[in-house]
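Notes follow once the structure below has been shown.
The values are calculated or read from the model by the stated rules, or taken from the named source; none is laboratory data. No experiment lies behind these values; they were computed from the predicted model shown. Here the Cβ positions follow ideal geometry from the backbone for every residue, glycine too, while neighbour counts run over all protein chains shown.
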Amino acid sequence: MEDVLILGIESSCDETAAAVVKNGREVLSNVISSQIAIHTLYGGVVPEIASRKHIEKINQVIEQALKEADVTLEQIDAISVTYGPGLVGALLVGVGEAKALAYAAHKPLVGVHHIEGHIAANYLEHPDLEPPFLCLVVSGGHTHLVQVKAYDSFEIIGCTHDDAAGEAFDKVARAIGLGYPGGPKIDKVSKEGNPHAIEFPRAKIAGAEFDFSFSGVKSAVLNYLNQCEMKGIKISQADVAASFQQSVVDVLAGRAIAAAKKLGEKRIAVAGGVAANSALRQRLKEECDKEGIALCYPSPIYCTDNAAMIAAQGYYEYIAGTRSGWDLNAVPNLKIGQRG
């Protein structure tokens with residue numbers, strides 16, 4: 001079988017990214033232009049600014065990705081692009097660029113679901129990983145337990161009813177004065193704190209054993225901070241961060257292990273920005289070792305938004321015969337398994 005080269009394009013939030021991946025597994029280039037420094041000034045992502053920056057950077061990152069991979073656009077077999085979910089203005093930049101390139105170069109266009117891309121990030125560094133397996137997807141906008149039945153077949157086993165785990169990390173980080181982005185900062189400062197100093201809640205959803213809710217623990221942290229302020233009690237930033245993180249990690253790891261055991265899955269993958277969290281990785285490793293379950297997760301560069309994961313999933317969609325039309329549009333609330 002001849003090698004298949006996929007150009008991936010990702011612009012769903014505040015990273016403008018392009019990558020070239022061979023046969024869905026080998027990364028030839030992975031270029032990311034991050035906007036974190038700009039959005040940090042505002043304490044979070046400003047959609048209008050994100051969209052404008054994507055427009056400024058997208059041609060540059062694509063040119064650089066092709067150059068680093070040492071390939072021309074003519075050598076690319078297909079162009080894959082994130083078309084949802086995400087910020088609608090940001091998505092439109094990537095979709096518009098991919099459609100223009102595919103049309104001009106006479107290449108097939110493959111729309112990719114952002115979360116399915118995160119799951120596919122695991123294929124880039126785990127050559128033996130093949131479906132079926134269970135994937136815990138944890139990011140700023142999503143918290144899902146997904147049964148990956150095939151490369152293009154997914155079933156949601158559990159999801160959050162309110163805040164995503166990453167969103168809760170960002171809000172708590174802001175409340176305790178760490179700023180944006182919250183996840184890495186809480187992870188770092190938690191190493192200096194006592195994870196059992198404060199007992200924050202671990203929400204359970206009645207009738208939905210694998211679902212999540214993180215608005216309660218976020219509110220509990222805010223209430224604790226307010227009470228300390230009213231009583232004049234000095235707050236330990238590290239203890240609050242560590243105790244909050246412990247609560248979230250307990251829930252994420254606990255649900256994932258319970259779901260794997262009930263479904264008979266022998267392998268758990270982790271994906272999304274929060275998959276880079278060191279406490280979550282450590283806890284999952286301990287629990288998986290105890291239960292005889294294999295665990296895999298991507299390197300931090302493939303946990304956050306990137307185009308290599310979009311090219312990887314794009315490859316499996318492409319060889320399965322998926323093709324997107326010139327009417328491909330941004331779908332900000334796209335559901336897993338939905339095809340456009």
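Could you look through region 300-313, keep only residues that are part of a helix (DSSP H, G or I) and in contact with a helix residue (DSSP H, G or I) (Cβ under 8 Å, 6 or more places away or on another chain), and pick out the one that is surrounded by the most Cβ atoms within 10 Å (Cβ to Cβ)?
Restricting to residues being part of a helix (DSSP H, G or I) and in contact with a helix residue (DSSP H, G or I) (Cβ under 8 Å, 6 or more places away or on another chain), the top hit is 310.
Of the conditions (1) part of a helix (DSSP H, G or I); (2) closer than 29 Å to residue 336 by Cα, residue 163 clears all except one; give me its number.
Result: residue 163 passes all but (1).
Scan region 247-299 residue by residue and report those that are part of a loop (DSSP other than H, G, I, E, B) and under 18 Å from residue 124 (Cβ atoms). Break it down stepwise before answering.
Start the filter on region 247-299 by keeping residues that are part of a loop (DSSP other than H, G, I, E, B), which leaves 264-266, 272, 277, 292-293, 297-299.
272, 297, 298, 299 - these are the residues of region 247-299 that are part of a loop (DSSP other than H, G, I, E, B) and under 18 Å from residue 124 (Cβ atoms).
Would you mind stating whether residue 154 is under 17 Å from residue 252 (Cα atoms) and among the aromatic types (Phe, Trp, Tyr)?
The answer is no for residue 154.
Does region 297-305 contain at least one residue that is under 18 Å from residue 166 (Cβ atoms) and of a type in the set (D, E, K, R)?
Yes: region 297-305 contains one or more residues that are under 18 Å from residue 166 (Cβ atoms) and of a type in the set (D, E, K, R).
Are there any pairs, at least 6 apart or on different chains, whose C-beta atoms fall under 7 Å, with the first in region 46-71 and under 17 Å from residue 82 (Cβ atoms) and the second surrounded by 17 or more Cβ atoms within 10 Å (Cβ to Cβ) and of a type in the set (Asp, Glu), and if so, which?
That search, which allows pairs on different chains as well, returns 50/14; 58/97.
Got a number for residues in region 177-195 being closer than 16 Å to residue 303 by Cβ and either of a type outside the set (Val, Ile, Thr) or not in a helix (DSSP H, G or I) (or both)?
Result for region 177-195: 7.
With respect to the numbered conditions (1) under 26 Å from the mean Cα position of the chain (by Cα); (2) surrounded by fewer than 21 Cβ atoms within 10 Å (Cβ to Cβ); (3) of a type in the set (S, T, N, Q); (4) at pLDDT 95 or above, which one is the sole condition not fulfilled by residue 223?
(1)
Please determine, by comparing only the residues of region 127-147 that are among the β-branched types (Val, Ile, Thr) and touching a helix residue (DSSP H, G or I) at 6+ places or on another chain (Cβ under 6 Å), which one is surrounded by the fewest Cβ atoms within 10 Å (Cβ to Cβ).
The selected residue is 137.
Please count how many residues of region 250-263 are surrounded by fewer than 23 Cβ atoms within 10 Å (Cβ to Cβ) and under 11 Å from residue 147 (Cα atoms).
Residues in region 250-263 being surrounded by fewer than 23 Cβ atoms within 10 Å (Cβ to Cβ) and under 11 Å from residue 147 (Cα atoms): 2 in total.
Only residues that are in a loop (DSSP other than H, G, I, E, B) and of a type outside the set (Val, Ile, Thr): list them for region 226-246, please.
Residues satisfying the conditions are 232, 234, 236.
Of all strands (runs of 3 or more DSSP E) completely enclosed by region 1-109, which ones contain at least 2 residues that are surrounded by fewer than 20 Cβ atoms within 10 Å (Cβ to Cβ)?
26-34
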